[in-house]
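Novice: To start, I am sharing the structure in question, which I have written as structure tokens.
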Protein chains: 2
Amino acid sequence: MHDQVFNFNYCTPTKVLFGKDSIKGLPAEMAPFGKRVLLVYGGGSIKRSGLYDEVKRLLQDFEIFELPGVEPNPRITSVREGGRICREQHIDMVLAVGGGSVLDCSKVICDAPFYDGDPWDLVLDSSKITKALPLFTVLTLAATGSEYDPAAVISNLETNEKIGVLSPHNYPKVSVLDPTYTLTVSKRQTAAGSADIMSHIFEQYFVDGSCMVSEGLSESILRTVIKFAKIAYEDGNNYTARANLMWASSLACNGICQVGSEPGAWVCHAIEHELSAYYDITHGEGLALLTPVIMRYTLNDKTVKRYAYFAHRVFDLPLNDDLYVTARAGIEALEAFFASIGLPKTLRDVGITSKDKFDAMAEHACKCFPLHQAFVPLSPAQVREILEQSF
Amino acid sequence: MHDQVFNFNYCTPTKVLFGKDSIKGLPAEMAPFGKRVLLVYGGGSIKRSGLYDEVKRLLQDFEIFELPGVEPNPRITSVREGGRICREQHIDMVLAVGGGSVLDCSKVICDAPFYDGDPWDLVLDSSKITKALPLFTVLTLAATGSEYDPAAVISNLETNEKIGVLSPHNYPKVSVLDPTYTLTVSKRQTAAGSADIMSHIFEQYFVDGSCMVSEGLSESILRTVIKFAKIAYEDGNNYTARANLMWASSLACNGICQVGSEPGAWVCHAIEHELSAYYDITHGEGLALLTPVIMRYTLNDKTVKRYAYFAHRVFDLPLNDDLYVTARAGIEALEAFFASIGLPKTLRDVGITSKDKFDAMAEHACKCFPLHQAFVPLSPAQVREILEQSF
């Protein structure tokens, strides 16, 4: 299961400032890049929490322009607007304050001024990203890992597309990870964020060949999230729980858990992107309800050892002589964990009450992700079955 | 033991090119930095292995200058010589091909041209390092982790000092990690390198408060080294074993295993540096013989839980109700592992047959490292006792 190390290239140049009050280091990091800052944020929770005022106070020597109102599942329309401001105002750098959506949106905003066309082209073809404004981030939700990776997911509501874009130009320069900013995150978002972190690991860990070091790191992150998501769900103010989730989220998605292993096909993300493209549901909730269904659907002689060892190492379940018993117990333990933090179990739980779009979603998922190369290769018809079983 | 996440800053900007033939990517990485390259290497093993010829062939579009003959426990005299060549020949970048000694030496060579004085000053006071030539590395020994960290250890035989220097300017730009270059490493160096990797983990892992993710990563690296060091020791040509050791070595020392945890005091390294400064012994051998002695010496009510869980998680030993039983079994298992790959057990085994220098070494170790802040604080008198027990 893990006696291989595949070739890889790896570099995460982002500097992390982690911990309470680490934002104080931000002005010194930003100063070398200029004075004109585009501040990007979401629905205004940073104003209620006081973080907005804190940022403005810290950056009093800078000239601040603002793009508020970035949506969950950030839209290309916001990217276009941010790109326009960067050009017109000769912005030197972008500061994203928020969760993964704000950060993802900001990444493509940083790319936009250097491309003479619609930024949606950059999402469709990352090779068109040739340069980017420096990006700084202040994270307020432990979930997507965007603060520490080169990826962004942007939605286009006109075309019902939600597409991921990766570019080495899109690593943040510096990310401020202060768990205190996540103390006010709701139970629901805490649970969804935790499911997102775990799903990032699953996508990279449920593969045929994986490097032993990466495997151990992945299991460590899963155990950490399972332990501390429960604590943070029950006591939002627990700094230690928030801190563990935050660092887990950053490491889960930046490649360090995957290096040396076979690449995953990102099956669950492929299907979930369709759900939230069509129905604008919460990403982590979609992932949580799909994961056990996908695991059961793909449980076979090829995957059973991996799923059984997952159960053993992450949930401390005994290894049965019949690995199928252990594997199924692991899937049940995962379901029970998700339920314990209030995550939905079915598509109907998240308000998807029609099967109308199943065919279109299944087709598109297989078009956007290499699902025919997955641990268990999946056809559109099989993705449709998974959707049926999730209903 | 792990319910804390301490504040930290973290950034490793080095790009890793990992795997067989990954060196082919090197010329494209170097090209943007100029044409004039100082090639630094050691005792000529890279000529015997053919790697020297391969490098010269790959870099035919560059102008190559050479500094051969860098010693194990690299000396400040070599740094001075390299610095002189860089200045006189207007070198654009340095390419280090070798093990940790060659890489460490090259780091300070990169710093030297930007300092108007003796480079030994830079070792004594890293704040004098203000700029560095770009450094590229091709690793031939999995051990020190120098290929992926900002540290260098330089010896001064005139003053009997072996001192570590850390500077953010000293990260390599790109490190080529091709396990095939380590297939010819001798049994003895394979064992010593593996002990070095494990010791880097121990120095960061045997602390009071450690972050759960870092702890799990550390345990994963220890299990990986224990498994694959044995295989590589017995079958040097095993690529998979070499690959696992190589990636383990890089992650073990660049901070990623330590972030969020209390800093370690590097007790074993503190004492070993004295041994190799005075007696020029093999670093990893010194670490291997000291580690069990230090663990036994520091086993007490504060450390017993950590040592017991180490035994349980890394060596799969059962957790006894009396944690001292488990902790002692873990120390014995570690000793047995070291013995199984031919590592020495005593100072006499490495040719140190006199206690003459014990006082001086103990004093100096406590001067160079914060041993009074260790997991179990140590005075010079106590370090002397550890040396006695290692004799």
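Novice: Determine the shape class of region B:281-391: with a ≥ b ≥ c the square roots of the Cα gyration tensor eigenvalues, call it rounded for a/c under 1.5, and otherwise prolate if a/b is greater than b/c, oblate otherwise.
Specialist: oblate
Novice: Let me ask something else. Please name whichever of B:Ile352, B:Tyr324, B:Leu334 sits farthest to the positive end of the charge dipole of region B:271-355, dipole taken about the Cα centre and charges placed at Cβ: Lys and Arg +1, Asp and Glu -1.
Specialist: The one lying farthest along the dipole's positive direction is B:Tyr324.
Novice: Under unit Cβ charges (Lys, Arg +1; Asp, Glu -1), what dipole magnitude, rounded to 20 debye, does region B:187-390 have relative to its Cα centre?
Specialist: It works out to roughly 300 debye.
Novice: Considering the Cα positions of the protein assembly as shown, please state its Rg to one decimal place and its Dmax as a whole number of Å.
Specialist: For the protein assembly as shown, the Cα-based Rg and Dmax read 26.6, 85 Å.
Novice: Between the alpha-carbon centers of region B:149-175 and region A:138-171, tell me the distance in whole angstrom.
Specialist: That distance is 38 Å.
Novice: Now for a separate question. For B:Lys47, which lysines qualify as cross-link partners when the Cα separation must be under 16 Å and same-chain residues fewer than eight apart are set aside?
Specialist: Qualifying lysines at Cα under 16 Å: B:Lys56.
Novice: What whole number of Å gives the distance from the Cα centroid of region A:178-197 to the Cα centroid of region A:333-391?
Specialist: Cα centroid of region A:333-391 versus Cα centroid of region A:178-197: 23 Å apart.
Novice: Could I ask something else about it? With a sphere of radius 10 Å drawn around the Cβ of A:Trp266, what net charge do the other residues whose Cβ falls strictly inside it have (Lys, Arg +1; Asp, Glu -1)?
Specialist: Within the 10 Å Cβ shell, the charges total -2.
Novice: Give the relative contact order (percent, whole number) for region A:21-177; include only Cα pairs under 8 Å separated by 6+ residues.
Specialist: Computed over region A:21-177, the figure is 24 percent.
Novice: Suppose every Lys and Arg Cβ carries +1 and every Asp and Glu Cβ carries -1, with no other charges. What dipole size does region A:21-177 come out with about its Cα centre, to the nearest 20 debye?
Specialist: I would put it at about 260 debye.
Novice: So for each of B:279-286, B:105-112 I average, over its residues, the number of other beta carbons within 10 Å; can you give me the resulting order with the highest mean first?
Specialist: Highest to lowest by the protection proxy: B:105-112, B:279-286.
Novice: For B:223-234, what's the mean count of beta carbons from other chains sitting within 10 Å of each residue's beta carbon?
Specialist: 2
Novice: Kindly provide log₁₀ I(q)/I(0) values, in the same order as q = 0.09, 0.11 Å⁻¹, from the Debye equation applied to equal alpha-carbon scatterers of chain A.
Specialist: Taking Cα atoms of chain A as identical point scatterers yields -0.50, -0.76.
Novice: Counting only helical runs of four or more DSSP H residues, what would the 222 nm mean residue ellipticity of chain B come to if each run contributes -39,500 (n - 2.57) and the total is spread over all its residues?
Specialist: -15000 deg cm²/dmol
Novice: Another question, then. Treating only the Cβ atoms of Lys and Arg (+1) and Asp and Glu (-1) as charged, compute the dipole magnitude of the protein assembly as shown about its Cα centre; round to the nearest 20 debye.
Specialist: With only Lys, Arg, Asp and Glu charged at Cβ, the dipole is about 200 debye.
Novice: Continuing with the same structure: Of A:Phe33, A:Pro72, A:Gly44, which is farthest along the charge dipole of region A:28-102 in the positive direction, counting Lys and Arg as +1 and Asp and Glu as -1 at C-beta?
Specialist: About the Cα centre, the residue reaching furthest to the positive side is A:Pro72.
Novice: Can you give the local net charge around A:Ser146? Use residues other than it whose beta-carbon is closer than 9 angstrom to its beta-carbon, Lys and Arg +1, Asp and Glu -1.
Specialist: For residues surrounding A:Ser146, the net value is -2.
Novice: Which helices of chain B meet both criteria: a Cα extent of 24 Å or more along the helical axis and a mean Kyte-Doolittle score no lower than -0.5, with helices taken as whole DSSP H segments?
Specialist: What comes out of the filter, once short or polar helices are dropped, is B:212-234, B:323-340.
Novice: Within 10 Å of each Cβ of A:204-215, how many other protein chain Cβ atoms are there on average?
Specialist: Averaged over the peptide's residues, the number is 3.
Novice: For the peptides A:230-240, B:144-154, what is the packing order when you average, over each peptide's residues, the other Cβ atoms within 10 Å and list the highest mean first?
Specialist: B:144-154, A:230-240
Novice: Now for a different question. Just to confirm my numbers, what's the Cα centroid distance between region A:50-67 and region A:11-48 in Å?
Specialist: Cα centroid of region A:50-67 versus Cα centroid of region A:11-48: 10 Å apart.
Novice: Exceeding 22 Å between C-alpha atoms, which entries from my cross-link table qualify? They are A:Lys227/B:Lys230; B:Lys230/B:Lys345; A:Lys107/A:Lys131; A:Lys128/B:Lys35.
Specialist: A:Lys227/B:Lys230; A:Lys128/B:Lys35
Laboratory data are not the source of any read-out in this text; all were calculated from the coordinates shown. For clarity, every value in this text was computed on a predicted model and none was experimentally measured. Neighbour counts are summed over all protein chains in view; Cβ atoms, including those assigned to glycine, are modelled from backbone coordinates with ideal geometry.
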